[in-house]
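Since the structure comes first, as structure tokens, the remarks are kept for the end.
Every number in this text was worked out from the coordinates using simple rules, so none of it is lab data. Predicted model only: the values in this text are computed from it and were never measured. Don't worry about glycine lacking a Cβ; one is built from the backbone with ideal geometry, like all the others, and counts go over all protein chains shown.
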Amino acid sequence: MSGGVVWVLVGLALAVVTVRRRSAAIALVTAQSALLGIGAFALTPGRSTEFLVASLALVAKAAVLAALLGWSLSGTREPHPVWDDTPPILRFGLAATLALGVSALIPSIGLVERSSEQATVALVAIGIATVVLRRATLFQALGLVVAENGIALAATAVEGGMPLVIELGALFDVIVVVVVATAFHERIFDELGSGDTHGLRGLRD
Amino acid sequence: MSGATAVAGAVQIVGGIALAPLLPGLVQSFKARLQGRRGASPGQPYRELRRLWGKSAVAVEGTTVLYRLAPAVVAAALATGVLLVPVGGRAPDWPVGADALVLIGLLTLARFTVTLAAWDTGSGFALMGAGRDLAYSVFVEGLLLLALVLAALPGGSTDLRALSDAAGGSDRWGEPAHWCALLAFGLVVLAETGRQPIDNPDTHLELTMIHEGPLLEYAGRDLAYLQWAAAARHWIVLVLGAELFLPHGGSFWVRLATLAVALPALCAALAVTETWQAKMRILRVPRFLAAGAGIALLGLVSWYLGGGA
Amino acid sequence: MSAVAAVALAGSGLLLTGGLVALRARLLGAALALQVAGVSLLGGAGATVVLGADPVGSGFSGAVEPAFGIDGLSGFFLASLALVAVPALVFAHGYLPGSAGAPAVAALTAAFLGSLAGVVVARDVISFLGFWELMTLVPAAAILVSHREERARRTVFVYLAVTHLGGAGVWVAMLALARYGAFADPGALGQGAQLLVALAALVGFGTKAGLMPFHSWLPRAHPVAPSHVSALMSGMMIKVALYGLVRVSFEWLPEPTLWLGLVLLGLGLLSSLGGVLYALVQHDLKRLLAFHSIENVGIIALGLGASLLFAHEGEALWASVAFAAALLHTLNHAVFKALLFLGAGAFDRAVHELDLDRLGGLLRRMPWTGAAFAVGAAAIAGLPPLNGFASEWLTLQTLLHLAGLGSLGIGVAGGLATAGLGATVALAVYCFVKVVGLVLLGPPRSREVAEAVEAPLSMRAAVVFLAGLCVLLGVLPGLLLPRLAGLAPDGASLPTHGGLELPGTGALPAPALAVTLILLTGALLLARGRRAAAPAPAWACGQLVEPALSWTSAGFTKPLRLMLEAVLRPERTVTARIEGGVVQEIAYEGEVPHLFDTKLYRPVVRIASAGAAQARRLQSGSLRAYVLYLLALVLALLVLVRTGALG
């Protein structure tokens, strides 16, 4: 995958950390997954048919994710805005620093291009940073999706591709992450009236 | 068995059994003189025993067989103890041996039995005295063992005949350890014979009785046994004191004669102590005994610092 | 396989079968009989090895494969186990059918006996530690099965916590020994490793044995267990811990060290004096007996410390005599402590009450059990001619000899130990006179006690057998002395007599002493005549003898409690209700707090809880914080990898 596409993916992930509205974040994640799928599709010449299927699966995943997350979003209106502890600029700065640090530290893991390696690790790091920095429950799920996108990127950047990894990852995303996270999102809303993870602190003994 | 040993055995039996009541009698008569009275003759305990032997006994209501057996067991234990103590440093080879620790065990057996009989009667005064006696015995035992350690230091044996031989001669008198042992054993004598300042043997107030408390519930021959046992205790500790800690030496006959002189002298010393000292508060007695133990430990340390032998 | 090994294996098989059969409630009697047979075979095998046969099985090895063997020391402990376990199992036959969870307790008893035997015959680290853990856990299970209430659960928690915390020492010691290969070659341990092993073994085995100051679990756990399990715990489990200590100190450490001997001597003195002092102020019978176990473990430790010191000074004969004294007291204590616990269990079953101030007069109502209990009390108080006196005499002899040894430190230590042991014996006499007086003699203090019935035949038989054993071991202790002295490293050989005879010092002619005492007592009783005595009430200055005038446990021990106020620190509150200037009612509450609990354990527990509360700050409950911790960990690892620190 060309360096430009890869860096756009990273930029989209950083945007997910920064934006305030959930709908915007869902749109960004969908765009990221779609871009990833299209980029994988562009790499199919010279690779096996499984890889073609996998790249199509990525595109499909993007669509499915968009639908599921959008449906979950419409069902759960936040009564009042959930303000995060850190302002957007700080979030952006922290996520960017983390991504830069991790990608500088990571030793060579055997991908085709160094830029793909760094982008993979950066995506995973930014996904985890999203989980840490954002308070709304939906963003926890979005962060995991971003991290999984990073792993899918690694799978495409390996010599010959690892279609199985991509497909499994997509499956994981759709079934486990989104459904469970959405279900919990609904349940938490029912229980606490808002998707604010601060409310979960009361569950500690 | 040589003649000397046979005579020693005879003196043990006759002295321990028959002459033992003379010792408390001597102490009482000396005390009376010191207090300006004429007092009873030294043979008064014999008259007491004869009187008690003719009287009928008492059975406290609600007692078990332990109450009936106790005086006999106590007297038997003390009689066996009498066999253990050598006179003049010699004793025939009695089957019960001559070990100091066995003697201490027999005295403990006597004390246990008497206090158990006190529990059997359930009498308040008997138990009060028994409790105090047992509380003292904790400290007295420790002190007695320290004195025994000091006595056993030169020879390393606890056989009373060997201890008596080791204490003979004049070289022991130069060691501070021996003086400390003498002092410690003196305190033990006071405690075991129940003399002032630790206990008052002449008291008639039940609330102040310590070793006499359990004796309140007995009469007749039982009481005769128990009073003889108290006299036998006098004999045992005084002979031990004379044999182990007072100067003696020479052949058996010389030592026997020394013993015959030392015993009345010790009785006089007891009488003087009783007249000079008032009875100490019960809670002060452990401190008194602990001071004795401290002196004994100092003696032990001095033995080692002096190089030991 | 030799005959002895075959017998031992058969014994273990029977024991295991007995445990499994016990799970069916109707076959309880058969199960207990199988267990009796099994443990007797094991004991027989052990006794054969001790009395002169060759050791069977393998020696100790550091390899990681199961190995078992019986040598002299193991055989002695197996024989003691059998002597204590057989009466306990016979007792259980009468005791269990009425209690809760009987099949489970019977099966757990078999497991307990199996683990005790297993620790003693284990010859490699894994089986030793495995059986050790089993030995710790099974009584806890037995307690929980028979009691369900909160107090029992707290007790088990404390028991498990303290024994495992201290027992970590056992793991450290054994694993260190295996690592350095010290089983085969004791010289392989360096100085630092020796110190580590010795300290770890002292703490680990000392906790399990109940040495002060590691004893906190013992007075809590022994009273709540079922009576026959308490008897086994007090009789054998703490002895097996001492077995481990003996192995480490005498066999696997290369040479006897001065500091270990002095520390053992000091801990022994502390345990014996402290144990009996705290026993004196208890009023629950089983808790009192548990404290006495601590005292007797202290006496055994005195013997072991003396043996180490003698060995250090090069006196091989006296070192083996001291070793024999410790082992003899191990056996004697197992016998009379089991007797006392089983007796207490019989009383509990008869009157459902174990508070000393509420019993009384049980000698009349339960003559056999009461008489056996009295014999046990006389034995533990160290009265001639019973077995307690024999082993305490031997220990006193060795300590006296230690005091005369020649160097200042050891001499003073020996002198103090001698005096301390003498005071301990006197305190034990005080305590058990009180116990026998309050439990067996005097008027019954409640209606249930006045109507108590004698225990069933199996329970009676068990306690009478143990009482007879006390008398036998007291009258003929010299038969065991040569074999026990031979078990010591550089064992000396002593001639066999009936009584105890040691070279160069006085002797304890036990049979002659017993015979003389009995003959003299008989003669004096005859001389006393059979004139009937006039019955009369006890003297109370002319007042009526009322129950309110009778003595309680606290009252009898008051003189000593006041004399040792600074050590015991008793607390009391007296409240008087006065109406119209006249005192209507006085309430007195007194308590002797256990100083080790208040001064040592509670602060430690408080600090630990405070530390745990601080650590809980990390537990924010926020998912994001936990993920942050993960991220930080990954970053740290990456940095370490980059800088090559992780290689």
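The table that follows gives values for the structure above.
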read-out	value
Relative contact order (%) - region C:1-195, alpha-carbon pairs under 8 angstrom, separation at least six	21
For A:100-108, mean number of other protein chain Cβ atoms within 10 Å	3
As computed over region C:1-48, the Cα convex hull volume per residue (Å³)	42
Region C:583-647: radius of gyration over Cα atoms, expressed as a fraction of 2.2 N^0.38 Å	2.35
Per-bin percent of Cα-Cα distances, region C:435-589 [5 Å]	1, 6, 7, 9, 10, 11, 13, 13, 10, 8, 5, 4, 2, 1, 1, 0
Cβ-based charge dipole, region C:256-505, positive-most Cα from C:A379, C:T330, C:L270	C:A379
Peptide B:145-157 - average C-beta neighbours from other chains (10 Å radius)	6
Kirkwood-based Rg to Rh ratio, region C:1-195, C-alpha trace	1.02
Debye intensity ratio I(q)/I(0), log10, the protein assembly as shown, q values 0.05, 0.06 Å⁻¹ (C-alpha model)	-0.47, -0.62
Phi to ³J(HN,Hα) by Karplus 6.51 cos²θ - 1.76 cosθ + 1.60 over region B:54-64, Hz, x for Gly, Pro	x, 8, 8, 8, 10, 10, 6, 5, x, 8, 9
Angle between chain B longest axis and helix B:100-121 axis [Cα atoms, degrees, rounded to 10]	10
Under-5 Å amide H pairs with C:G361, H placed in peptide plane, nonlocal only	C:L440, C:L441, C:G442
Reciprocal of mean inverse Cα separation for chain B (Kirkwood radius, Å)	19.9
Cut-off 12 Å between beta-carbons: net charge of the residues surrounding C:T418, Lys and Arg +1, Asp and Glu -1	-2
Rel. contact order, % - alpha carbon contacts under 8 angstrom, at least six apart, chain C	11
Residue pairs, from the table B:K31/C:K558; C:K208/C:K599; C:K208/C:K558, whose Cα atoms sit over 29 Å apart	B:K31/C:K558; C:K208/C:K558
Hull-based mean projected area of region C:51-128, where the convex hull spans the alpha carbons, in square nanometres	6.0
Antiparallel bridge percentage (DSSP; both residues within the protein assembly as shown; nearest 5)	80
The protein assembly as shown, dipole about Cα centre (Lys/Arg Cβ +1, Asp/Glu Cβ -1), debye to the nearest 20	2020
For region C:256-505: Kirkwood Rh in Å [reciprocal of mean 1/r, alpha carbons]	18.5
When chain C is reduced to its Cα atoms, the Kirkwood hydrodynamic radius in Å	26.3
Residue-averaged beta-carbon neighbours from other chains (10 angstrom radius) around C:384-390	3
Orientation-averaged projected area, Cα convex hull of region C:245-372 (nm²)	8.7
Under the Karplus curve 6.51 cos²θ - 1.76 cosθ + 1.60, θ = phi - 60°, whole-Hz ³J(HN,Hα) for region C:131-136, x wherever Gly or Pro sits	5, 4, 4, 4, 4, 6
Semi-axis lengths (Å, descending) of the ellipsoid that matches the C-alpha gyration tensor of region C:390-512	37, 22, 11
Once the Cα gyration tensor of region B:167-286 is diagonalised, semi-axes √(5λ) in Å	30, 19, 11
Contact order relative to length of region B:119-241, as percent, for alpha carbon pairs under 8 angstrom and 6 or more apart	36
By average C-beta atoms within 10 angstrom, highest first, the peptides A:138-149, A:83-94	A:138-149, A:83-94
Helix-derived mean residue ellipticity, 222 nm - over the protein assembly as shown, DSSP H n ≥ 4, -39500 (n - 2.57), to 500	-22500 deg cm²/dmol
Charge sum, other residues only, whose C-beta stays under 14 Å from C:V4's C-beta, Lys/Arg counted +1 and Asp/Glu -1	-2
